[in-house]
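> Have a look at this one.
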Amino acid sequence: MDWMRTLLGRIRSVFRSRRLDADLDEELKAHIEFAIAENLEQGMSAEEARTSALRGFGGVTQIREAYRVQRGMPWLQMAARNIRIAIRQLRSSPGFAITAILTLALGIGATSAVFSIVDGVLLRPLRFANPSRLVTLGDQVSGGHMGENGDPGWVTAPEVVSYQGITRSFESLGGYTNVSYELSGIGQPFQIAAARMTPSVFSVLGVAPLMGRVFTPEEDTKKAQVAVLSYATWKTRFNANPQVIGTKIDLNQSPYIVVGVMPRNFEFPIDAGCELWVPMSFSAGELAPEAETNWDFLMVGRLKPSSTMAQAQDDAQRVAAQTMHDYPPDLSTVRIRPVVYPLHEITVMQARPLLQMLFLAVVVVLLIACVNLAGLLLVRAISRQRETAVRLALGASICTLLGQTILESLIISVSGGVLGIGLAAVAIAIGKDYLPANLPLTSQIALNWTVAVFALLLALVTGVLCGLAPGFAALRTNVNASLKNGVRRGSASGAHVRLRSALVVAEIAIALILLCASGLLMRSYLNMSHVDLGFQPDRVTTAAYALLQKGYPTQARVDAFNNQLLLRLSQLPGVQSVGLTSSLPTMNDCCMAFTADGFVNPRGPGWTPAAYSQVIGDFFTAMRVPLVRGRYFTDDDNANSQLVVIVNHEFAEHYWPNQNPIGKRMHIGPPKRRAPWMTVVGEVADVKVYVPDAGATAEFYQPAAQLDKDYGGPFSANDIFGSSEHVVVRSALPPEQMENSVRAVVRSIDPQLPLTQVQTMEQVVSQSEAPRRFNTIIVSSFGLAAVLLAVLGIYSVIAFSVASRIEEMAIRMALGSRRADIVRLILSSGLKLAAVGAFLGLAGATAASSVLRPFLFHVSPFDPLVIALTGMAVFALALAASALPAFRAASVDPMQALREQ
Amino acid sequence: MGEQKSDVLQGTLDLMVLKTLETMGPLHGYGIARRIEQVSGNALTLSQGTIYPALLRLEQRGWIRSEWGTSEMNRRAKFYSLTRIGRKKIEDETENWERVSATMARILAPGS
């Protein structure tokens, strides 16, 4: 208790020190007066009384000092004084201070920005209750690639029901699927993304609704038409109406009632942008035996606290075994294996290597910035060597000096850190929109306390580490030599020079590694842009539209629109060919199972998927997809003629190897489904289905007019094909000009129809290349920054060594050296640093190549061209950096210089 | 020849101050210092000034309190007096001191 009272007293007295000083003075004066009075009484003279009193008292100054130490918080006040001194010293050399603070601000800011991405995507837990217990459950089906490489695995509708029966290891399980609805009844009709969910999904995720309620299992079984809104939808489409519960809306012309609103930041499925949720309400068709092979649903579950994922998988395997046991003979060879993955892990798995690489790259830049700062501080310490020597001679301890240099460095780094946080905030605000589309959980990226604390910690660590360099210089100060030395400025001793050179060599090595990585990534990007896309995107305009049921309730109306559109577009001046397709190349994301006549799957019978699309009109001609064999579709391929299909080269090679695919047959769906056979009439070149740097994908095309027959039912009359299409127009005119013409044509047929995604095909391809482009740009920017900083480092080292060797240069020139020799001398010292740095850098690049491998495309990590170019670049830059000081040294007038010394 | 001058440990100075205040009642700094000198029979010489950090220490702990007053000579001076806690502490510190000095005596006794 005493210590607490003492501490409080000390703190209080810090603020009243002047008053307390006055008090003490008065008290001491009184003491002396009392002593003098007593002495006088005893008969001393006035003079003697005073002297005796003072002697008896003891040293007044020392007593005052001891009193103050006892009274206040001495170390705090001393630290405050040191900080004030350091700030004053920094203010006296503003150029150095600004450079140092800016360097660190950029380094710490960039690192914090990347860390905020890493934090938001990889480190932050999902925004559900107890998210570590959330897992996905899906099937791996023999013969396919479901459930691997970041795919959680899909399930069929009957399996959603059967798996939900597992109660041993799961607290609850739910199934869901993404759907798209036309939302009407509140203003303009809109196409929105939504999801059908079993009510158990809400209990799995454990998030309570903000308003109202979620739907109940009874509503799911009874197929009640209720909907739960997302927070964003409630805010924007319903204007945050507090009475929104009970509102009637129409989804695909069918009435639904709003029963609840979810809280802000509730997002499920992750990154799907769902605006509302409706009950799963399986239809009879979905649960029918024919649907046993439609793996269209996903599942999410919450493990019991004591269960492991292995146990959950075993439980699911038991259910799967029963399902397989109940398979009809047609499916007897299909094997399914359930897999369980942690929800967060499966979401970020693909992004993890990229983010790790980004973080490494930015840390490298920060390292170089710190090394530069350490060098700057070292130079400053060297130039203050004389002052340090004096202080050491006067009795300052090494600890004090070290403490002061570290303090100065900390002031720089903390200012840099605070400024860096600001820069990071700006970068995050601007850059969030430019993040690649395939980066998951981008909504969680923000500048929050974690990032700020990280930045400050970084500042503290860099401050202390960088401050050690000048501290080291202070330690090595030879007091005698410095004081005796006639030089006004400090000159660098051998140890200092070696330290600075070592720092610069490290910088060059690190910069070289990053430059190499940038070069490899740029080469990969160039390779990707030269890939044969399988079509020619130049001079092609594209647009997308969706015919809503309100205006186009029948197939006939949809067909009429499509035909009108094709006709009018082909009549535009300059147009060469027009087509419609259900999905554009490089933007495709759908897969359909099929059966090829005469193909036996070596992986065992199972699910064979391929990419697919439906086309209308002259799609292939418009895209200039080369025809390998057979023919394109013609107008004669309609609902009444033979069912035809066109396959691509990869499809033909894979499923009918070394045979002519023309005349072969295939049908949609698994063998058991017995959809009608389609005959192959053409084989086209491989078109890039996903991204240009992915391999070839098997794909087949169907004429949209034959879709109804191709599926062979069960489809009701309400299913309409061809209502959501992409227009593809090839013209002799530049595609940008065509955009307005296309818009005008669509408006002339239906003025109300919105035309979306109007862009050139080249823009579409460019969008698909965006993720790789993003990586390349970021890493190259970091590489550039690293190289600039390293060059700055070389320059400052050479310049400083030249400046401190002016005397030597002058003497050399006086003794007969030519200017050219001086220049050569200095350039060679710069090149020596570069050589050692380059050697170390290449060794480091070799070690780092494994990190880079997943991101390279048709480039080896040891590509000789890139390595050679990088090495040459480093040498050239070192040369350039040393050139300026070299020429300055050579232009010195020897007599002038010697006189100044 | 002359008085034995010995350094006075911090803790013992505190105890002496407390005891003085207990005996003499409220007193100013000079008075306390002179009293200690007198009682010790001038065997102890402490620079009188060292009393002030000690007084501050005791005041910070809350064992004594101070207030400005007027001395007999009509001079303004700071007077110190014991607090309730301080009064209690005298017993504890006295006990402590007796235990320490007894132990020291045993250790230093010949033939131990």
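The values are calculated or read from the model by the stated rules, or taken from the named source; none is laboratory data. Please read all numbers here as calculations on a predicted model, not as lab measurements. In this analysis, Cβ positions are derived from the backbone assuming ideal geometry, glycine residues included, and neighbour counts consider all displayed protein chains. In case anyone asks, the SASA skips ligands and DNA or RNA and just uses the protein heavy atoms, side chains included. Shrake-Rupley method; radii C 1.70, N 1.55, O 1.52, S 1.80 Å.
> Being at pLDDT below 80 and closer than 30 Å to A:M357 by Cα narrows it down to one residue among A:R488, A:R500; which is it?
A:R500
> Additional query: Mind checking which pairs have a first residue in region A:1-19 that is within 13 Å of another protein chain (Cβ to nearest Cβ) and open to solvent by 100 Å² or more (accessible area, probe 1.4 Å) and a second that is part of a helix (DSSP H, G or I) and β-branched (V, I, T), Cβ under 6 Å, 6 or more apart or different chains?
Pairs found: none.
> Here's something else I'd like to know. Can you report the number of residues in region A:855-869 which are open to solvent by less than 60 Å² (accessible area, probe 1.4 Å) and without any contact (Cβ under 8 Å) to a residue 40 or more places away in the chain?
2
> Would you say A:G431 is modelled with pLDDT under 90, open to solvent by less than 40 Å² (accessible area, probe 1.4 Å) and either in a helix (DSSP H, G or I) or polar (S, T, N, Q) (or both)?
Judged against the criteria, A:G431 is a match.
> Quick one: what pairs do we get from region A:805-816, first residue closer than 8 Å to A:P894 by Cβ, second basic (K, R), C-beta under 9 Å, 6+ apart or different chains?
Taking only residues 6 or more apart or on different chains, the pairs are A:M813/A:R819.
> Another question about this same structure. Residues in region A:554-568: is at least one crowded, with 20+ Cβ neighbours inside 10 Å and within 24 Å of A:G187 (Cα to Cα)?
yes
> Related question: Name the residue, out of A:L123, A:L134, A:L106, that is closer than 29 Å to A:Y176 by Cβ and open to solvent by 60 Å² or more (accessible area, probe 1.4 Å).
Answer to the check: A:L123.
> Taking the options A:M44, A:M78, name whichever one is more than 14 Å from every other protein chain (Cβ to nearest Cβ), farther than 23 Å from A:L456 by Cα, of a type in the set (A, V, I, L, M, F, W, C) and assigned to a helix (DSSP H, G or I).
A:M78
> Consider A:A843 carefully, then state whether it is buried (at least 18 other Cβ atoms within 10 Å of the Cβ) and under 15 Å from A:V505 (Cα atoms).
Here the answer is no, as A:A843 does not meet what is asked.
> Counting only residues that are open to solvent by 40 Å² or more (accessible area, probe 1.4 Å), polar (S, T, N, Q) and closer than 18 Å to A:A195 by Cα, how many does region A:214-273 have?
Going through region A:214-273 one residue at a time, the tally reaches 6.
> Looking only at region B:85-100, which residues are more than 10 Å from every other protein chain (Cβ to nearest Cβ) and within 17 Å of the chain's Cα centre (by Cα)?
B:G86, B:R87, B:K88, B:I90, B:E91, B:D92, B:E93, B:T94, B:E95, B:N96, B:W97, B:E98, listed by residue number.
Quick grid of which residues meet (1) over 12 Å from the mean Cα position of the chain (by Cα); (2) touching a residue at least 12 places away in the same chain (Cβ under 8 Å); (3) over 22 Å from A:L54 (Cβ atoms); (4) within 11 Å of chain A (Cβ to nearest Cβ):
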{"site": "B:V39", "(1), (2), (3), (4)": "no, yes, yes, no"}
{"site": "B:G62", "(1), (2), (3), (4)": "yes, yes, yes, yes"}
{"site": "B:W68", "(1), (2), (3), (4)": "yes, no, yes, yes"}
{"site": "B:R75", "(1), (2), (3), (4)": "yes, no, no, yes"}
{"site": "B:R106", "(1), (2), (3), (4)": "yes, no, yes, no"}
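> Here are some conditions: (1) of a type in the set (S, T, N, Q); (2) surrounded by 17 or more Cβ atoms within 10 Å (Cβ to Cβ); (3) under 20 Å from the mean Cα position of the chain (by Cα). A:S781 meets all but one. Which one does it not meet?
Among (1) of a type in the set (S, T, N, Q); (2) surrounded by 17 or more Cβ atoms within 10 Å (Cβ to Cβ); (3) under 20 Å from the mean Cα position of the chain (by Cα), A:S781 violates only (2).
> Which residue pairs have Cβ atoms closer than 6 Å, lie 6 or more positions apart in sequence or on different chains, and pair a first residue in region A:652-681 that is free of Cβ contacts under 8 Å to residues at least 40 places away in the same chain with a second residue that is open to solvent by 70 Å² or more (accessible area, probe 1.4 Å)?
Cβ pairs passing all conditions: A:I662/A:R629; A:T679/A:R665.
> For region A:55-67, check the following and say yes or no: at least one residue is in contact (Cβ under 8 Å) with a residue 40 or more places away in the chain, within 60 Å of the chain's Cα centre (by Cα) and either over 30 Å from A:S796 (Cα atoms) or open to solvent by less than 70 Å² (accessible area, probe 1.4 Å) (or both).
Yes, there is a match, as at least one residue in region A:55-67 is in contact (Cβ under 8 Å) with a residue 40 or more places away in the chain, within 60 Å of the chain's Cα centre (by Cα) and either over 30 Å from A:S796 (Cα atoms) or open to solvent by less than 70 Å² (accessible area, probe 1.4 Å) (or both).
> OK, next. Here are some conditions: (1) within 12 Å of chain A (Cβ to nearest Cβ); (2) open to solvent by less than 70 Å² (accessible area, probe 1.4 Å); (3) over 28 Å from A:V69 (Cβ atoms). B:L58 meets all but one. Which one does it not meet?
(3)
> Okay, moving on. Quick one: is A:F620 aromatic (F, W, Y), part of a loop (DSSP other than H, G, I, E, B) and crowded, with 20+ Cβ neighbours inside 10 Å?
In short, no.
> Moving on to the next point. Of everything in region A:750-802, what is free of Cβ contacts under 8 Å to residues at least 40 places away in the same chain and not polar (S, T, N, Q)? Give them in sequence order.
Once the filter is applied, which keeps residues that are free of Cβ contacts under 8 Å to residues at least 40 places away in the same chain and not polar (S, T, N, Q), region A:750-802 yields A:P751, A:I777, A:L788.
One line per residue, one yes/no per condition, for (1) assigned to a helix (DSSP H, G or I); (2) more than 14 Å from chain B (Cβ to nearest Cβ); (3) out of contact with any helix residue (DSSP H, G or I) (no Cβ under 7 Å at 6 or more places or on another chain); (4) not hydrophobic (A, V, I, L, M, F, W, C):
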residue: A:I63; (1), (2), (3), (4): yes, no, no, no
residue: A:V69; (1), (2), (3), (4): yes, no, yes, no
residue: A:R84; (1), (2), (3), (4): yes, yes, yes, yes
residue: A:L90; (1), (2), (3), (4): yes, yes, no, no
residue: A:A100; (1), (2), (3), (4): yes, yes, no, no
residue: A:I108; (1), (2), (3), (4): yes, yes, no, no
residue: A:A113; (1), (2), (3), (4): yes, yes, no, no
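> Among (1) under 31 Å from the mean Cα position of the chain (by Cα); (2) at pLDDT 85 or above, which single condition is A:R318 missing?
(1)
> On to the next question. From A:A820, A:A803, grab the single residue that is open to solvent by 20 Å² or more (accessible area, probe 1.4 Å), closer than 25 Å to A:L898 by Cβ, at pLDDT 80 or above and more than 40 Å from the chain's Cα centre (by Cα).
A:A820
> Name the residues in region A:154-174 that are farther than 20 Å from A:L287 by Cβ and buried (at least 18 other Cβ atoms within 10 Å of the Cβ), would you?
A:S169, A:F170, A:S172
> Is region A:799-806 home to any residue that is among the aromatic types (F, W, Y) and farther than 24 Å from A:V379 by Cα?
no
Matching residues to (1) charged (D, E, K, R); (2) modelled with pLDDT under 90; (3) in a helix (DSSP H, G or I); (4) out of contact with any Leu (no Cβ under 6 Å at 6 or more places or on another chain):
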{"site": "A:A517", "(1), (2), (3), (4)": "no, yes, yes, no"}
{"site": "A:L548", "(1), (2), (3), (4)": "no, yes, no, yes"}
{"site": "A:Y552", "(1), (2), (3), (4)": "no, yes, no, yes"}
{"site": "A:L580", "(1), (2), (3), (4)": "no, no, no, yes"}
{"site": "A:N588", "(1), (2), (3), (4)": "no, yes, no, yes"}
{"site": "A:G604", "(1), (2), (3), (4)": "no, yes, no, yes"}
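> State whether one or more residues within region A:238-249 are in a strand (DSSP E or B), among the aromatic types (F, W, Y) and free of Cβ contacts under 8 Å to residues at least 60 places away in the same chain.
No, every residue in region A:238-249 fails to be in a strand (DSSP E or B), among the aromatic types (F, W, Y) and free of Cβ contacts under 8 Å to residues at least 60 places away in the same chain.
> Contact list please: Cβ distance under 8 Å, first residue in region A:28-41 and more than 7 Å from chain B (Cβ to nearest Cβ) and β-branched (V, I, T), second residue part of a helix (DSSP H, G or I) and surrounded by 19 or more Cβ atoms within 10 Å (Cβ to Cβ), pairs at least six apart or on different chains.
A:I32/A:A53; A:I32/A:F57; A:I36/A:A49; A:I36/A:A53
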